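The values are calculated or read from the model by the stated rules, or taken from the named source; none is laboratory data. Everything numeric in this text was worked out from a predicted model, so none of it was measured. We place every Cβ from the backbone using ideal geometry, glycine too, and count neighbours over all the protein chains shown.
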Amino acid sequence: MLFPSWAFLLFLAVLVPVYYLVPKRIQWIVLLLANAVFVCFAGFLGAVFMAVTIVTVYAASRAIDALFVRQRETIAAMKATHTKEERKAARLRFEKKRRLVLIVCLILNFGILFALKYGAMLGRLSAGLFGGKPFGQDLALTMGISFYTFSTVGYLLDVYRESVPAEKNPLKLALFTSFFPLLVQGPITRWETVGKTLTEPHAFDGRRFLSASLRIAWGYWKKLIVADRLLVAVKALCARPGVYRGDFIFVEMLLYAACLYADFTGGIDITIGVGEMLGVSIEENFLRPYFSKSISEYWRRWHITLGEWFKRYVYYPLSVSKPMRALSKGTRRLGVGVSRRVPVYLATLLVWALTGAWHGSNLTFLVWGLLNGVVILLSEELKPLYARFHARFPRLTESAFYRGFTVIRTVLLLSSLRILDCYGTVRDAFSSFFSMFTTWNWGAVFRGGIQSLGLSYFDYAVAFSGVLVMFALSLVQRKGAIRKRILKRGTVCSVCVLLVLIGTILIFGRYGFGFDASQFIYNRF
Amino acid sequence: MKRNLLVIGGVVLACIVCFGALFAVSRLVAPKYHDTLIDGHLTGEYYRETTDHDVLFVGDCEVFEHFSPVTLYNEYGITSYIRGGAQQLVWHSYYLLEDAFRTETPKVVVYNVLALKYGEPQSEAYNRLNLDGMRFGRAKLGAIRAGMTDGEDFMSYLFPLLRYHDRIDKLSKEDWTYWFSDGDPVSFKGYVMHTGVDPATETPKEPYDPKLPETSMAWLERIAALCETHGTALVLIKSPSIYPEWHAEWDAEIAAFAKSHGLRYDNMIAENDAIGIDMQTDTYDQGQHLNVSGAEKVSRWFGAVLQKEYGLRDHRGEAAYDADYAALTERYENEKRRLSEGN
């Protein structure tokens, strides 16, 4: 069930009234049933994998919780009769058991994700190396598996760390895992925030409903007017790496940057809006990322929940892990700076490699992830140089011009890295990127070339206007949430804005017969 | 209280303005089928009729280009209308007939059987040509549901903006001219005139299934039942075009159907000599469709059949019909002259 489909709108139109009409104590059950319908709509196999995740994570979290309880009881009983060392040994035994449960569950769940994500690729690789028919070519990601696996595993890790208590009701965990708006393209949520509000009773609030409708409409606006329009040109450019070179690649970088932003943020707006409509708070995933002044800042503002997940569950534990500490110790003879940097660098590169791998099985994603890590580390290394430059030219570096320069520099840098996202092979990606500096066809794109990309001048005008609107609203948003300001102006004003959004979507959106109802780009991850 | 009323009033007003604007845009972007692709104009033109009809023709292009209601009236005083459309499939014909029965009960319904060879929806474009002009009602909903191809959605038939919004950058003078006006009729009681001549050559052979699709025959059954319910005689015909080929097996199947239901079936291909059709002069596209000369010959022959077999009254001399047909005949002759000069 795609967000931009009548089926989804009908689904929502039935669910929302039913959700608020039933007694509040069973609201979450209605939501669970709705999730089941949504998941089954996406395919039987997906429902099976999700059920496996729910059952295993529930069982593991309960087992870990039980081990904590037994550990506490055992240690308490041992206090009077056993020595400190014996108590420590007992605690370690429990810890070992908990770790075993955790590892088995992680292997199982990440194993499913890995098999679906990389099965086909490994099949081809094995056939290439050893001959024979490639296996696993039918394997494909099921709806939302990358997102719900991370969310649910995050919950399990929190239980393991005793950050949250294990949920006793498996159906509530099922509700958290399968919450339908999150299955399309995330965000990756936390039990502590979303899990709890999902099961709380919610009364209907007209103002909240209007606010949610505005957010949903804005999401559709970005997706259908800007993203789906630009995607046509981006796909045309990516499909012929040998043909479109030079300035076409520069145009591709910019179009893809706008397209991906409109697509991903549009989808997240719909997700958060649907959550809000049902009284469920979902974490924000973006904070005006294209206003970032550096790549590391950008990654704190783009796909925030994925970055947070890796930071919380991979980067921090890895940085302070025993092997890293040992490595740091071992490299101390090379100098304090080196021994301090080694664990940080390794953890950073590993996290970025994993981030790349999370995005897809292609080598391009891995290279993209590693390059992001390298750029971030380089920026860190160059910090003293920047500091000296700032100290030397304080008036320049505090000026709006310089801020603008750093923003544009960041956008161009991340757009350059994203070229890897557009092509099937690293070679095509690099060759296309470097053609900007070797193929001197500047201006060809405006000498009719742009028309060969499947869009008319009207389409470009609409898309460009859409980008301008998004940019202007992002500027305004810096002074406070726009929806709040609209709602403050009263119901009539809010309804008018909503109607204008719907009206412009209906007229200028790309949907209906003859258009591919395209899934969100991030859905394929 | 007063504040709440103001808010409700404001919201209602905003909705009215928005929906009004969307309605206007919807009308603007919807194809007008007036100067180009005029086949799409035919379905809607039926609703302009001010008089009822003794004979209603239904079917595909073989009816709207092969029978002239003007000739039928001027020669026999038979009042008729053609509810035909380009690739109008049998379910479309059924629902257009059901739609017509809401406002009139013709004495005879003539159904051209060629479209029965299609048992599945064929093309979105033709669906639109046939259904866009149809008045909203149960019949239209049924026709939409029955004929949608893959990828089409029901809502876009009810709200044309959902289908045609992408025409916003392709608007032509025609769209602006007929934004809020349907313009003059493009047909003569459903008949579309062609005056050119392009003689028939060899008929291309195509593979075919000797049995007509069961779905089509089931719909034909429904058409027969519908006519019977309204006490209307159903006549099955195969108009005299020689291409697309009408195969002997299909002919036998329809003849058997007609016999079992007590219906008349005329395969006019076999009557071409009696009708006087000359495929060297009476076709404008090598035997697929007839030009006005051919259509008038067919109408003269079939008018005699209708009058003889169904005892249809001669309406000539009745003021309401005479006025209507006099104006129509004048327009018809003018068009004939205009097109002939163009040729």
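A quick yes/no check of all residues on (1) closer than 21 Å to B:Leu28 by Cβ; (2) among the aliphatic types (A, V, I, L, M); (3) within 14 Å of another protein chain (Cβ to nearest Cβ):
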residue: B:Leu161; (1), (2), (3): yes, yes, yes
residue: B:Lys170; (1), (2), (3): yes, no, yes
residue: B:Tyr178; (1), (2), (3): yes, no, no
residue: B:Asp182; (1), (2), (3): yes, no, no
residue: B:Val186; (1), (2), (3): yes, yes, no
residue: B:Val197; (1), (2), (3): no, yes, no
residue: B:Trp219; (1), (2), (3): no, no, no
residue: B:Leu226; (1), (2), (3): no, yes, no
All but one of (1) over 19 Å from A:Ile272 (Cα atoms); (2) part of a loop (DSSP other than H, G, I, E, B); (3) free of Cβ contacts under 8 Å to residues at least 24 places away in the same chain hold for A:Leu506; which doesn't? (2)
Given (1) surrounded by fewer than 16 Cβ atoms within 10 Å (Cβ to Cβ); (2) among the polar types (S, T, N, Q); (3) touching a Phe, Trp or Tyr at 6+ places or on another chain (Cβ under 9 Å); (4) away from every other protein chain (no Cβ under 14 Å), index of the condition A:Asn372 fails: (1)
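I'm checking my understanding of the structure. Among residues of the stretch A:224-273 that are part of a helix (DSSP H, G or I) and of a type in the set (D, E, K, R), which one is surrounded by the fewest Cβ atoms within 10 Å (Cβ to Cβ)? Full working, then the answer.
Taking the stretch A:224-273 and keeping what is part of a helix (DSSP H, G or I), we get A:224-239, A:247-273.
From what is left, the residues that are of a type in the set (D, E, K, R) are A:228-229, A:235, A:247, A:252, A:263, A:269.
Details: A:Asp228: 24, A:Arg229: 26, A:Lys235: 15, A:Asp247: 19, A:Glu252: 26, A:Asp263: 25, A:Asp269: 22.
Filtering first and then ranking leaves A:Lys235.
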Flag if A:Ile249 is closer than 15 Å to A:Gly186 by Cα and β-branched (Val, Ile, Thr): no
Any residue in the stretch A:448-462 that's within 11 Å of another protein chain (Cβ to nearest Cβ): show its pairings with residues that are assigned to a helix (DSSP H, G or I) and not basic (Lys, Arg) at Cβ separation under 6 Å, as long as the two are six or more apart or on different chains. A:Leu455/A:Val232; A:Leu455/A:Ala233; A:Val462/A:Phe508
Can you find even one residue in the stretch B:137-148 that is assigned to a loop (DSSP other than H, G, I, E, B), more than 14 Å from chain A (Cβ to nearest Cβ) and surrounded by fewer than 18 Cβ atoms within 10 Å (Cβ to Cβ)? yes
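Going by the conditions given, is A:Leu455 part of a helix (DSSP H, G or I), aliphatic (A, V, I, L, M) and either in contact with a Phe, Trp or Tyr (Cβ under 8 Å, 6 or more places away or on another chain) or over 16 Å from A:Arg245 (Cα atoms) (or both)?
Details: part of a helix (DSSP H, G or I): no; aliphatic (A, V, I, L, M): yes; either in contact with a Phe, Trp or Tyr (Cβ under 8 Å, 6 or more places away or on another chain) or over 16 Å from A:Arg245 (Cα atoms) (or both): yes.
So A:Leu455 fails the test.
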Any residue at all in the stretch B:231-249 that is in contact (Cβ under 8 Å) with a residue 60 or more places away in the chain, surrounded by fewer than 19 Cβ atoms within 10 Å (Cβ to Cβ) and among the charged types (D, E, K, R)? no
Report, by residue number, each residue of the stretch A:463-497 that is facing another protein chain (nearest Cβ under 9 Å) and of a type outside the set (S, T, N, Q). A:Gly490, A:Val492, A:Cys493, A:Val495, A:Cys496
If B:Gly311 satisfies all but one of (1) closer than 25 Å to B:Arg102 by Cα; (2) modelled with pLDDT of 90 or more, what's the number of the condition it fails? (2)
Find all pairs meeting these conditions: Cβ atoms under 7 angstrom apart; at least six residues apart or on different chains; first residue within the stretch B:15-44 and at the interface with chain A (Cβ under 10 Å from one of its Cβ atoms); second residue of a type in the set (Lys, Arg). B:Val29/B:Arg167
Somewhere in the stretch A:34-52, is a residue without any contact (Cβ under 8 Å) to a residue 12 or more places away in the chain, more than 14 Å from every other protein chain (Cβ to nearest Cβ) and in contact with a Cys (Cβ under 8 Å, 6 or more places away or on another chain)? yes
Whether any residue in the stretch A:13-28 is buried (at least 19 other Cβ atoms within 10 Å of the Cβ) and touching a Phe, Trp or Tyr at 6+ places or on another chain (Cβ under 7 Å) is what I want to check. yes
Qualifying residue in the stretch A:322-345 (condition: under 25 Å from the mean Cα position of the chain (by Cα), over 30 Å from A:Arg240 (Cα atoms) and surrounded by 15 or more Cβ atoms within 10 Å (Cβ to Cβ)): yes
State whether one or more residues within the stretch A:390-401 are within 29 Å of A:Leu224 (Cβ to Cβ), at pLDDT 90 or above and either assigned to a helix (DSSP H, G or I) or charged (D, E, K, R) (or both). no
